[in-house]
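Right, one structure below, let's go through it.
Laboratory data are not the source of any read-out in this text; all were calculated from the coordinates shown. Since the model is a prediction, treat every value here as computed from it, not as a measurement. Cβ atoms come from the backbone with ideal geometry, glycine included; neighbour counts cover every protein chain shown.
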Amino acid sequence: MDRRNITPQGQTAHVFVEFLEVAVSCIVFLKGFYPAGAFERRRYMNVVVHKAKHPQLGNYIHSATFGLFPFIQKGLIERVAVIFYDKDRVPVERFVFKLAVNQSRASPVEEKSLEFTLRAFLVKLEVANPLMKSLPPGGSWEITAYFRALPEENDATDARMWVPTDTKQWLQPPRITPIKSMSSEPLKVQLYLEHPSSTEPKEQEG
Ligand SMILES: *[C@@H]1O[C@H](CO)[C@@H](O)[C@H](O)[C@H]1NC(C)=O
């Protein structure tokens, strides 16, 4: 990619999806969803991270995060969530990245400094491990993106891989635990955990 021809929003989106790929891998690793052998230790901006070694897992995380690039660049994505479900497809825990990319900024982005700022999220994720819930057996997980607006016709090809989800929602507003937030023009990111409220009706076992 010729960096001279891309906009600050394109630069930002590029740094962010690279970060997101690493962050999603780390979350899935921390949750212990797969055996530790499914991951290998890597360095990302001098932080030890865990990257999927299994090609299918690595490809899913890569294509889901990098597939968001055009939409993040245009400011169309409001949230990206890594959602863990129980065996009945009820969400147990959601890791939510809420983001905003300022579309007015015209001056180039200091990519190294943006990467450095995002790196702090990875460190915080490790520290937040005790706040996370243990997963019930037989569950699943997925990456979900929430669009601020529907993509235009030109983007429809890229958007095709994003299918509406049919998963169950919580009835009560979730409990929210903030993990980290940052603002580094033109990018704002908040990461928080969502858990079902204690008044959330429990499904009958059956
Ligand atoms: C977006 O960027 C412009 C130009 O740099 C700035 O004036 C404006 O305050 C920013 N908007 C927000 C919501 O941060």
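I'd like to verify a number: residues in the range 172-187 that are away from the ligand (no atom under 16 Å from the Cβ) and either assigned to a strand (DSSP E or B) or surrounded by 13 or more Cβ atoms within 10 Å (Cβ to Cβ) (or both), how many? Qualifying residue count for the region: 7.
The residue of the range 51-61 that is nearest to the chain's Cα centre (by Cα), among those that are under 14 Å from residue 26 (Cβ atoms) and assigned to a helix (DSSP H, G or I), is 61. From the list 103, 9, the one residue that fits, being exposed (fewer than 15 other Cβ atoms within 10 Å of the Cβ), polar (S, T, N, Q), farther than 20 Å from residue 125 by Cβ and touching a Lys or Arg at 6+ places or on another chain (Cβ under 8 Å), is 103.
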